[in-house]
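Peer 1: Can you read through this structure? Questions will come right after.
The values are calculated or read from the model by the stated rules, or taken from the named source; none is laboratory data. As the structure is a computational prediction, the values presented were derived from the model and not from experiment. Positions of Cβ are backbone-derived with ideal geometry, glycine not excepted, and every protein chain shown enters the neighbour counts.
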Amino acid sequence: MKKQSLLPVGFYDLLFDEAEKNHNNINNALDIFLKSGYRLIKTPLVEFENSFLQQKSQNYFQTIDVISGESVVFRNDITPQISRLLGSRLQEEKLPLKLCYVGDVLCSKSEDLYKDRQQTQVGVEIIGCDAEKSNFEIIEILLKVLKEIMNKSQEKNLLIEFSLPNFLEIFLSEIEVENKEELRKAIVQKNISAVKKLAGKNGEIISKIMLSNNLCSHLDLVNVVKKMDSRLCGNDKGRSWNDKGGGRNDGGCVVSEIKKAQKISDFLAKNFSEIKVCFDLFGDNEFSYHDGFAFNVFCGGFSYPIARGGRYKILSKNKEVDAIGATIYMNRLRKVG
């Protein structure tokens, strides 16, 4: 009896109907992106490792290029390749630059239940976008694509979870407590009993923010902030946090961060009222390159995000510029019931 050929863990074949459906979903997504003014790019599967060394998570396959003798990697994300292009072939392009892409990425390991190490990404990026409206544009076109390629049952079960990657550090910089490192760890681990012990009289309000992560957009987050003790405003004695300001005047206070969440919430309530929204303000962003705000899109009871995105910094002409993007994981989308 002939021995069956097996694939390495995390790699797969797509046959017939499944392959055709996946192909159609990719084409439908790209068609929407292109009609919306995004330009398609196609980047190689292999890059020199230097292009990926700045990643927080270096979860990629690597080998030695027999021609150059240098270390090369099989990409595990497409965004670093866009950064390389901005420093080379796209450096003369006028910003903002709207791009879309499709391609497979390879991960050396996977913590997912399904252990997929080959994933197909379809996404969009706006490079050089300091305007707030770009946040809404990316979210809008992402949800438009998902609604196009998902069935009605899947569409009704969409949930988008937002986090503010800067929120925790800004919060800790303004709060007056000892052992801030221990408190940071307790918040990231969602250890409410430890938070209450470490934060003293401020533990209760911190716990409320942590528990509010599972509530939907109708929660008035600023009302939560108003309950904070005035000492959370750092050295600004006698002032309380409110929706007109905060403990600092540089726009980096907790209230201004929460107002970001409120604006996004209001936008979704107005334009996508059927989609559930929640916030994970104290989310663990240890391995994320996002800055300002980030989001994950879930469907039903499926544990892993079918799409994610957010704002980040990227080099263009030797200086950092703001960028925002979103990626759909086609292999996860296939598993959603």
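Peer 1: Return the pairs, sorted by first residue and then second, in which the second residue is among the basic types (Lys, Arg), the first residue lies in the stretch 306-324 and is in contact (Cβ under 8 Å) with a residue 12 or more places away in the chain, the beta carbons are less than 6 Å apart, and the residues are 6+ apart or on different chains.
Peer 2: If the second residue must be among the basic types (Lys, Arg), the pairs left are Ile306/Arg332; Ile324/Arg311.
Peer 1: Just name the residue that is farthest from Gly300 (Cα to Cα) out of those in the stretch 128-145 that are over 16 Å from the mean Cα position of the chain (by Cα) and crowded, with 21+ Cβ neighbours inside 10 Å. Talk me through it step by step, then tell me what you get.
Peer 2: First pass over the stretch 128-145, keeping only residues over 16 Å from the mean Cα position of the chain (by Cα): 128-133, 144-145.
Right, trim to crowded, with 21+ Cβ neighbours inside 10 Å and you get 129, 145.
On the way: Cys129: 32, Val145: 18 Å.
Checking each candidate, the answer is Cys129.
Peer 1: Does Pro80 satisfy being within 16 Å of Asp104 (Cα to Cα) and touching a Phe, Trp or Tyr at 6+ places or on another chain (Cβ under 9 Å)? It would help to see each step written out before you state the result.
Peer 2: Values: within 16 Å of Asp104 (Cα to Cα): yes; touching a Phe, Trp or Tyr at 6+ places or on another chain (Cβ under 9 Å): yes.
It is true that Pro80 is within 16 Å of Asp104 (Cα to Cα) and touching a Phe, Trp or Tyr at 6+ places or on another chain (Cβ under 9 Å).
Peer 1: Continuing with the same structure: Being assigned to a strand (DSSP E or B), touching an Asp or Glu at 6+ places or on another chain (Cβ under 9 Å), in the same structural domain as Ile126 (by TED's automatic domain parsing) and more than 14 Å from Pro165 (Cβ to Cβ), is that true of even one residue in the stretch 295-314?
Peer 2: yes
Peer 1: What number goes with the only condition from (1) of a type outside the set (Ser, Thr, Tyr); (2) buried (at least 20 other Cβ atoms within 10 Å of the Cβ); (3) under 17 Å from Thr79 (Cβ atoms) that Phe279 does not pass?
Peer 2: Tallying (1) of a type outside the set (Ser, Thr, Tyr); (2) buried (at least 20 other Cβ atoms within 10 Å of the Cβ); (3) under 17 Å from Thr79 (Cβ atoms), Phe279 fails exactly one: (3).
Peer 1: Return the total of residues in the stretch 114-152 being part of a strand (DSSP E or B) and either outside the structural domain of Ile26 (by TED's automatic domain parsing) or hydroxyl-bearing (Ser, Thr, Tyr) (or both). Spell out how you get there, then give the answer.
Peer 2: Let us first name the residues in the stretch 114-152 that are part of a strand (DSSP E or B), namely 118-127.
Narrowing further to those that are either outside the structural domain of Ile26 (by TED's automatic domain parsing) or hydroxyl-bearing (Ser, Thr, Tyr) (or both): 120.
Qualifying residue count, the stretch 114-152: 1.
Peer 1: So, one more: Is at least one residue of the stretch 22-43 polar (S, T, N, Q), surrounded by fewer than 12 Cβ atoms within 10 Å (Cβ to Cβ) and not in a loop (DSSP other than H, G, I, E, B)?
Peer 2: Restricting attention to the stretch 22-43, the residues satisfying the condition of being polar (S, T, N, Q) are 22, 24-25, 27-28, 36, 43.
So of that shortlist, the ones also surrounded by fewer than 12 Cβ atoms within 10 Å (Cβ to Cβ) come out as 24.
From what's left, not in a loop (DSSP other than H, G, I, E, B): 24.
There is at least one residue in the stretch 22-43 that is polar (S, T, N, Q), surrounded by fewer than 12 Cβ atoms within 10 Å (Cβ to Cβ) and not in a loop (DSSP other than H, G, I, E, B).
Peer 1: For the stretch 53-68, name all the residues that are surrounded by 11 or more Cβ atoms within 10 Å (Cβ to Cβ) and within 18 Å of the chain's Cα centre (by Cα).
Peer 2: Answer for the stretch 53-68, where residues must be surrounded by 11 or more Cβ atoms within 10 Å (Cβ to Cβ) and within 18 Å of the chain's Cα centre (by Cα): Gln54, Gln55, Ser57, Gln58, Asn59.
Peer 1: Do we have Gly103 as within 20 Å of the chain's Cα centre (by Cα) and surrounded by fewer than 19 Cβ atoms within 10 Å (Cβ to Cβ) here? Walk me through how you get there before you give the answer.
Peer 2: Values: within 20 Å of the chain's Cα centre (by Cα): yes; surrounded by fewer than 19 Cβ atoms within 10 Å (Cβ to Cβ): yes.
Yes, satisfied.
Peer 1: Here is a follow-up. Inside the stretch 44-59, can you point out the residues that are modelled with pLDDT under 95 and in a loop (DSSP other than H, G, I, E, B)?
Peer 2: Answer for the stretch 44-59, where residues must be modelled with pLDDT under 95 and in a loop (DSSP other than H, G, I, E, B): Phe52, Leu53, Gln54, Gln55, Lys56, Ser57, Gln58, Asn59.
Peer 1: Where residues in the stretch 158-201 are hydroxyl-bearing (Ser, Thr, Tyr) and part of a helix (DSSP H, G or I), which of them is modelled with the highest pLDDT?
Peer 2: Applying the first criterion (hydroxyl-bearing (Ser, Thr, Tyr)) to the stretch 158-201 yields 163, 173, 193.
Filter once more, so that each one left must be part of a helix (DSSP H, G or I): 173, 193.
Details: Ser173: 86, Ser193: 93.
Filtering first and then ranking leaves Ser193.
Peer 1: So, in the stretch 163-191, of the ones that are among the aliphatic types (A, V, I, L, M) and surrounded by fewer than 17 Cβ atoms within 10 Å (Cβ to Cβ), which residue ends up nearest to Phe298 (Cα to Cα)?
Peer 2: Taking the stretch 163-191 and keeping what is among the aliphatic types (A, V, I, L, M), we get 164, 168, 170, 172, 175, 177, 183, 186-188.
From what is left, the residues that are surrounded by fewer than 17 Cβ atoms within 10 Å (Cβ to Cβ) are 172, 188.
Details: Leu172: 29, Val188: 21 Å.
Top of the filtered list is Val188.
Peer 1: Among (1) in contact (Cβ under 8 Å) with a residue 24 or more places away in the chain; (2) surrounded by 15 or more Cβ atoms within 10 Å (Cβ to Cβ), which single condition is Glu18 missing?
Peer 2: Failed condition: (2).
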